[in-house]
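The values are calculated or read from the model by the stated rules, or taken from the named source; none is laboratory data. Source: prediction; values computed, not measured. Ideal geometry is used to build each Cβ from the backbone, glycine not excepted, and the neighbour counts take in all protein chains shown.
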Amino acid sequence: MDFNQKCYDLLILIPKGKVTTYKEIARALNSKAYRAVGNAMNKNENAPKVPCHRVVGSNGNLVGYAYGIENKIKLLEKEGVKIINNKIDLKKYFFSFNK
């Protein structure tokens, strides 16, 4: 299975109303390839069914979305994620793959 598909397989585990980070996805794959995770998100052909909009920067900033940040905001807000100044409170909304 290729790296991108492994990323997508993790994305479908993130519940509505939660977000994760590029770093968290890389860590879950035993990797430090944060940029490769971002590249995989950008190439996701099954968005928003495979919810790459639920991936944010390590500081909670909304970064990159192939369909535009405005659409990312709409999708996240529809799922109940509160966004203030293009930032998400990771203490409240963070999803970790380590349970």
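Looking at segment 26-49 only, could you name the residues that are closer than 22 Å to LYS78 by Cβ and of a type in the set (A, V, I, L, M, F, W, C)? If the condition is that a residue be closer than 22 Å to LYS78 by Cβ and of a type in the set (A, V, I, L, M, F, W, C), then MET41, ALA47 are the ones that fit. Remark: pairs (first residue in segment 84-96, surrounded by 12 or more Cβ atoms within 10 Å (Cβ to Cβ); second residue among the basic types (Lys, Arg) and at pLDDT 95 or above; Cβ separation under 6 Å; 6+ apart in sequence or on different chains) = TYR93/LYS18; PHE95/LYS18. GLY38 meets each of the listed conditions (1) in contact with a Gly (Cβ under 7 Å, 6 or more places away or on another chain); (2) modelled with pLDDT of 95 or more; (3) in a helix (DSSP H, G or I) apart from (2). LYS74 meets each of the listed conditions (1) more than 17 Å from ASP2 (Cα to Cα); (2) assigned to a loop (DSSP other than H, G, I, E, B) apart from (2).
Return the residue satisfying two criteria in turn: it lies in segment 40-49 and is of a type outside the set (Lys, Arg) and touching a residue at least 24 places away in the same chain (Cβ under 8 Å), and of such residues it is surrounded by the most Cβ atoms within 10 Å (Cβ to Cβ). Selected residue: MET41. The selection criterion, being among the β-branched types (Val, Ile, Thr) and in a helix (DSSP H, G or I), does not hold for VAL50.
So, LEU11, is that one of a type in the set (A, V, I, L, M, F, W, C), surrounded by 19 or more Cβ atoms within 10 Å (Cβ to Cβ) and modelled with pLDDT of 95 or more or not? Yes, satisfied.
Quick grid of which residues meet (1) over 11 Å from the mean Cα position of the chain (by Cα); (2) free of Cβ contacts under 8 Å to residues at least 40 places away in the same chain:
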residue: ASP9; (1), (2): yes, yes
residue: GLY17; (1), (2): yes, no
residue: LYS23; (1), (2): no, yes
residue: ALA28; (1), (2): yes, no
residue: GLY38; (1), (2): no, yes
residue: PRO51; (1), (2): no, no
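Would you mind stating whether LYS72 is of a type in the set (D, E, K, R), buried (at least 18 other Cβ atoms within 10 Å of the Cβ) and touching a helix residue (DSSP H, G or I) at 6+ places or on another chain (Cβ under 8 Å)? Judged against the criteria, LYS72 is a match. Looking at this structure, is LYS32 farther than 14 Å from PHE95 by Cα, in a loop (DSSP other than H, G, I, E, B) and charged (D, E, K, R)? It is true that LYS32 is farther than 14 Å from PHE95 by Cα, in a loop (DSSP other than H, G, I, E, B) and charged (D, E, K, R).
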